[in-house]
1. Given Lys105/Lys142; Lys90/Lys194; Lys100/Lys142; Lys100/Lys194, which pairs have Cα atoms separated by over 28 Å?
2. State to the nearest 20 debye the size of the charge dipole of segment 49-161 about its Cα centre, where the only charges are +1 on K and R beta carbons and -1 on D and E beta carbons.
3. In deg cm²/dmol, rounded to 500, what helix-only [θ] at 222 nm does the chain give when every DSSP H run of at least 4 residues adds -39500 (n - 2.57) and the total is split over its residues?
4. Hey, could you get me the Stokes-Einstein D for segment 33-140, Kirkwood radius over alpha-carbon pairs, 37 °C and 0.692 mPa s, rounded to whole µm² s⁻¹?
5. Could you work out how far apart the two model spin labels at His101 and Tyr57 are, taking each label as a point 7 Å from the Cα in the direction of the beta carbon, and quote it in nm?
6. Let me see the pair-distance distribution of the chain: every alpha carbon pair, 5 Å bin width, integer percents in order.
7. Sort the following peptides by mean Cβ neighbour count (other Cβ atoms within 10 Å, averaged over residues), highest first: 90-97, 171-178.
8. To the nearest 20 debye, what is the magnitude of the charge dipole of segment 125-197 about its Cα centre, counting +1 on the Cβ of each Lys and Arg and -1 on the Cβ of each Asp and Glu?
Amino acid sequence: MLPVQAFGEPGKMKDYHYVGAAEHKFSPYVYNGGTVLAVAGEDFAIVASDTRLSEGYSIHSRDSPKCYRLTDSTVLGCSGFHGDCLTLTKIIDARLKMYKHSNNKTMTSGAIAAMLSTILYSRRFFPYYVYNIIGGLDEEGKGAVYSFDPVGSYQRDTYKAGGSASAMLQPLLDNQIGFKNMEGVQHVPLTQEKAVQLVKDVFISAAERDVYTGDALRICIVTKEGISEETIALRKD
């Protein structure tokens, strides 16, 4: 027990003691915020994220995009604990190189999703604190989106949002792309131009309400020609 002295009456010192053991806590996880989003179309896929890296009310970086290019037809959106994001993407990159050298071909988006599921499940007792969304083209050249939970369960979607502002983005995507709970609405195919504009609109709206989302928006557009990137500014406060 360590005595701590404090002032009591004027001119006099008073002794205080901590009774019992002091508990020191350590957490291996830190939440660094950020939002990722993926949308699949007929012959394209879009993966987008903001570039803010924060902790609590501190901003560590304003240029830290969460979109990771895996192959010429697959992009990974990864948010959560930035340290686990870096570790996981390094493991995925190494596994992709091993596959390329062993099979002399590039892994498909569906195969990458299955591989990522096994990687996450192998760490189920000490999970990677990350929210992953894969966007790319499947074997038929159609857009595909795969969403994951931290322990490897995944499914194929048409659109998905993850991260700190996902609760704001997902209902808007349900309305604009999924036409959920809407009557008498014609379901028109989603064009690439409309999808890109919609992604910009939802992130601009999210940056107004979520302090962990902002600074800039990085958009990766996957088509049969390859991957193109676009960056637009968001709120910086």
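1. Values: Lys105/Lys142 19 Å; Lys90/Lys194 33 Å; Lys100/Lys142 22 Å; Lys100/Lys194 35 Å.
Correct reply: Lys90/Lys194; Lys100/Lys194.
2. Taking the Cα centre of segment 49-161 as origin, the dipole is about 240 debye.
3. Working: 4 runs with 65 residues, N = 237.
Computed ellipticity for the chain at 222 nm equals -9000 deg cm²/dmol.
4. On the way: Rh = 14.7 Å.
Calculated translational D: 224 µm²/s.
5. My value for the distance between the label points is 5.0 nm.
6. 1, 6, 13, 16, 16, 14, 10, 5, 4, 3, 3, 3, 2, 2, 1, 1, 0
7. Values: 90-97: 14.5, 171-178: 16.1.
The packing order, highest mean first, is 171-178, 90-97.
8. On the way: 5 positive and 8 negative charges, 28 e Å.
Its charge dipole is roughly 140 debye.
Coordinate-derived values only; no laboratory data. Bear in mind the structure is a predicted one, so any value in this text is a computation, not a measurement. FYI the Cβ positions are ideal-geometry reconstructions off the backbone, even for glycines, and counts take in every protein chain you see.
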